[in-house]
Amino acid sequence: MKIYVAGTMGLEDVILFLNAKGVSYQIVLRDEFAGREASKPGTMGVIVGSVYGLDSIYKLLYMWGALGSQRFEQVGTAKLLTERRWWFLAAPKDLVDSPSVADLYEELSGNSVRRGSFSSVIDWMKMGGLVPVITQDAQTGEVLMLAYMNREAYEESWRTGRAVYYSRSREKIWRKGEESGHVQMIQEMRLDCDGDALILKVEQTGAACHEGYRTCFFRRIERDGSLSVIEERIIDPKQVYKK
């Protein structure tokens, strides 16, 4: 019997969940593909997925039934590894009462699974493993910069309390202030409603911008399309970034 992992929202949680239980599975990144794949004639397959609300399960089951030749029924649900998400197991109607499905659900429903990573609250799949991060001054609310994090940068930021990003141009971890000394100490971290963007509220040392300005947004676009510098340069980048 194959297990298909459905959906993109909460996919990481489901994979952590299955890995922790030692269960083999096949990942299908879209809900409809999972339904279609598991509905193929002769396929003995069930679907494990993750949703934010229980009503979403019924919508998925209806959609899968419309896609394939088999009717899926909900075998059971349980709280997943995070506070808001539920995981569920669904199976074709003729498999719902089978011992193999019952055993699988019992195995997955055990109490031995614990959250595998605090980065599970973020939807890493949507942008290929990266999330945008807006960094603000914790006291004034001023926007200092926009950057990106991957999972490694996010988890290191949590562990150390210092802002760590991922440089897309250099394709590596970027520890803010590692060269300049202009570090950012995290005071608060916020996640948006879709789970795919962050705000960091930080205590900024020195300049956030590599061009020597406190904020990277030091230019204003005028009505005629020209740029005006509206902030003061507080450090000389030639002195800070000596090559």
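The values are calculated or read from the model by the stated rules, or taken from the named source; none is laboratory data. Please read these numbers as outputs of a predicted model, since none were measured by experiment. Cβ atoms come from the backbone with ideal geometry, glycine included; neighbour counts cover every protein chain shown.
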Being within 26 Å of Ile122 (Cβ to Cβ) and loosely packed, with under 13 Cβ neighbours inside 10 Å: is that true of Cys193 here? yes
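Counting only residues that are modelled with pLDDT under 75, give me the strands (runs of 3 or more DSSP E) lying completely in the range 67-170 with at least 2 of them.
The qualifying strands (runs of 3 or more DSSP E) are 72-79, 86-92.
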Note: among Ile15, Ile47, just one is in a helix (DSSP H, G or I) and modelled with pLDDT of 70 or more, namely Ile15
Near pairs, Cβ below 6 angstrom, 6+ apart or cross-chain, from the range 145-166 (under 18 Å from Gly181 (Cβ atoms)) to any residue that is among the basic types (Lys, Arg) and assigned to a strand (DSSP E or B): Val164/Arg175
Being of a type in the set (Lys, Arg) and closer than 17 Å to Gln204 by Cα narrows it down to one of Arg151, Arg170, Arg162, so name that one. Arg162
